[in-house]
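What follows is a set of notes on a single structure, which appears directly below.
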Amino acid sequence: MTTSSARFDVSDLWKPGDSLPSGPVLTAIAGRCGLVWDMPDLAERVTIVYNPRLRTTLGRAMLEDNRVELNVHLLRAYPDELLGTLVHELAHLVVRMRYGDVQPHGVEFKALVRSVGMSAAATHHLDTERLNLRQRKYAYLHRCSECGVMFIARKPRRDCYCRACGPEMSWNILRAPATTAGRRKLKAIMDSTG
């Protein structure tokens, strides 16, 4: 395997100031990685797509399908991360093709990523909260409007009724984040009124 990163230059294909590259450009970048990694057919062996359902990860490698999925939302906000993410995920696929089941971020992986002059870091510290990509989860306190019986559920339950009061009753519902602090607040409400 070639260890010189000087041969790995994609500035003629894409630069971080440009809009996100299309599929053919991503495939061309994979081809450049394949040349450095002595796998000239890499671009033909992998599929690279943007996945709008990804929330907090920049990308992922689907090892069984030789597929890389990239987070279009995060990469639009942080285009400087695209090349490193693509190389990272492609390296996972190449390691699997060459060595089978080995440590995901082991020595083989690190050697590939470093050979193209990239960091082998496995995590990012990007502000995903400001993009509002993470789907917020809530806990819901239900209180019978007639007798005051209460329970907490993961979603609003309008499909059931209080056993004591029957189907004519209605629920008063309070929502709190589904965190330890949020659940503690809902339980405190239950304890103070129950």
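The values are calculated or read from the model by the stated rules, or taken from the named source; none is laboratory data. Computed from a prediction, not measured in an experiment: that's the story for all the values here. Note that we place each Cβ from the backbone using ideal geometry, even for glycine, and neighbour counts take in every protein chain shown.
Summary of computed values
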| read-out | value |
| --- | --- |
| Spans of helices (runs of 4 or more DSSP H) in the range 1-119 with at least 1 residues touching a residue at least 24 places away in the same chain (Cβ under 8 Å) and within 30 Å of K137 (Cβ to Cβ) | 72-77, 82-99 |
| Evaluation of L70 against (1) in contact with a Ser or Thr (Cβ under 9 Å, 6 or more places away or on another chain); (2) surrounded by fewer than 21 Cβ atoms within 10 Å (Cβ to Cβ); (3) closer than 17 Å to V25 by Cβ (one fails), failing number | (2) |
| Selection status of D41, out of contact with any Phe, Trp or Tyr (no Cβ under 8 Å at 6 or more places or on another chain) and closer than 19 Å to G117 by Cβ | no |
| Some residue of the range 1-19 being under 20 Å from the mean Cα position of the chain (by Cα) and either under 13 Å from H92 (Cβ atoms) or in the same structural domain as A91 (by TED's automatic domain parsing) (or both) | no |
| The listed residue being surrounded by fewer than 18 Cβ atoms within 10 Å (Cβ to Cβ) and not assigned by TED's automatic domain parsing to the domain that holds M62, out of R154, R143 | R154 |
| Whichever residue in the range 28-55 is among the β-branched types (V, I, T) and either in contact with a Lys or Arg (Cβ under 6 Å, 6 or more places away or on another chain) or closer than 15 Å to V94 by Cβ (or both) and, among such residues, is surrounded by the fewest Cβ atoms within 10 Å (Cβ to Cβ) | T47 |
